[in-house]
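Inspection log for the structure reproduced underneath, given as structure tokens.
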Amino acid sequence: MKKTLRPHILVFDVDGVLVDVRGTYWRSALDTVRYLTGKRVTLAELHQWKSKPGFNDDWSLVSAWVSSLGYPTSYEAARAAFERFYWGSDGKPGNVRNEKLMVSARQIEEWAQSFELNLFTGRTRQEFSFTFERWPATKHFRTIVTMDDAKKKPHPEGLHKILGQRDPSTALYLGDNIDDALAARDAGVPFMAIIAPGEYGYRQRAARFRELGALALLPRVKELFGYLKKAD
């Protein structure tokens, strides 16, 4: 345990960890389900789906959700509909414009002075680039693995690509989704969950994260560095 609390390599998920996606991915998923089914669905229902393994990918989630409501929809059809809301269509701006970073470039720069920083995200390279290619802090991440670069979570390939032959116990993965925890477990990488008390289904999600071996549950990724100092 002592070793796992002194990581040299930090790997961050993006959505829900570094970026607030309530108005982007979450909104787009709700908009898409309503568009394809005509039914008004809720955030509570969205979180019920997100708490299941295999649905870190919003297109898979939407396909399964819409199909369960009696409207069989392929992965490709779900993706096409989702992207209309995410990127925008017919001259209307997309929900991607609502994206908000939850950490500053200065904070990333400070963290990079003490740790090797990496990203393992379920975003496509296009989605990642839209937000991060002009962000000054992006240069501080040694390796960036997107959905286009490795098998989808919960498969641990992305973590293997970041670590190479290095000892997994010297790393720490921070994520907010069950698939993140599963990927970390299967890669042998210590994991901490980003989940704030008061979030939907906190008790159930927190219990599941603990079952999967989360070392801690942090309300925000910024809390990590205070946590590590206390552990010394």
Item to check | Answer from VAL11, VAL17 - the residue that is part of a loop (DSSP other than H, G, I, E, B) and either free of Cβ contacts under 8 Å to residues at least 60 places away in the same chain or out of contact with any Cys (no Cβ under 8 Å at 6 or more places or on another chain) (or both) | outcome: VAL17
Next on the checklist: Considering only region 158-166, I want to know if a residue exists there that is over 25 Å from ALA214 (Cβ atoms), of a type in the set (Lys, Arg) and either at pLDDT 95 or above or within 13 Å of the chain's Cα centre (by Cα) (or both).
Outcome noted: no
Checklist entry - Taking ARG203 and the conditions (1) within 25 Å of GLN107 (Cβ to Cβ); (2) at pLDDT below 95; (3) of a type outside the set (A, V, I, L, M), which numbered condition does it fall short on, given that it satisfies the others? => result (1)
Next on the checklist: For the list (1) open to solvent by less than 70 Å² (accessible area, probe 1.4 Å); (2) in a loop (DSSP other than H, G, I, E, B); (3) within 22 Å of LEU212 (Cβ to Cβ); (4) not acidic (Asp, Glu), I need the number of the one condition that VAL103 fails.
Outcome noted: (3)
Checklist outcome for this item: Condition set open to solvent by 30 Å² or more (accessible area, probe 1.4 Å) and in contact with a helix residue (DSSP H, G or I) (Cβ under 8 Å, 6 or more places away or on another chain), scope region 173-200, selection farthest from VAL19 (Cα to Cα): answer is GLY188
Checklist entry - Looking at region 121-157, which of the residues that are under 18 Å from ARG185 (Cβ atoms) and open to solvent by 70 Å² or more (accessible area, probe 1.4 Å) is nearest to the chain's Cα centre (by Cα)? => result LYS152
Item to check | Residue ID - farthest from GLU45 (Cα to Cα), chosen from residues in region 178-210 that are of a type in the set (Gly, Ala, Ser) and assigned to a helix (DSSP H, G or I) | outcome: ALA187
Checklist entry - ARG203 is checked against (1) of a type in the set (D, E, K, R); (2) buried (at least 22 other Cβ atoms within 10 Å of the Cβ); (3) without any contact (Cβ under 8 Å) to a residue 24 or more places away in the chain and fails just one. What number does that condition carry? => result (2)
Checklist entry - Among VAL14, VAL41, VAL66, VAL33, which is under 23 Å from THR138 (Cα atoms), touching a helix residue (DSSP H, G or I) at 6+ places or on another chain (Cβ under 8 Å) and either among the small types (Gly, Ala, Ser) or open to solvent by less than 50 Å² (accessible area, probe 1.4 Å) (or both)? => result VAL14
Next on the checklist: Take the conditions in a loop (DSSP other than H, G, I, E, B) and without any contact (Cβ under 8 Å) to a residue 40 or more places away in the chain and apply them to GLY213. Does it pass?
Outcome noted: yes
Checklist entry - Got a number for residues in region 146-179 being closer than 29 Å to ALA196 by Cβ and in contact (Cβ under 8 Å) with a residue 40 or more places away in the chain? => result 18
Checklist entry - Of the residues that sit in region 69-93 and are over 19 Å from the mean Cα position of the chain (by Cα) and crowded, with 19+ Cβ neighbours inside 10 Å, which one is farthest from GLN126 (Cα to Cα)? => result THR73
Next on the checklist: Looking only at region 21-30, count every residue that is within 15 Å of THR131 (Cβ to Cβ) and open to solvent by 30 Å² or more (accessible area, probe 1.4 Å) and tell me the total.
Outcome noted: 1
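The values are calculated or read from the model by the stated rules, or taken from the named source; none is laboratory data. Source: prediction; values computed, not measured. Cβ coordinates were reconstructed from backbone atoms using ideal geometry, including for glycine residues, and neighbour counts include every protein chain displayed. Note: areas computed on protein heavy atoms with side chains; ligands, DNA, RNA excluded. Shrake-Rupley method; radii C 1.70, N 1.55, O 1.52, S 1.80 Å.
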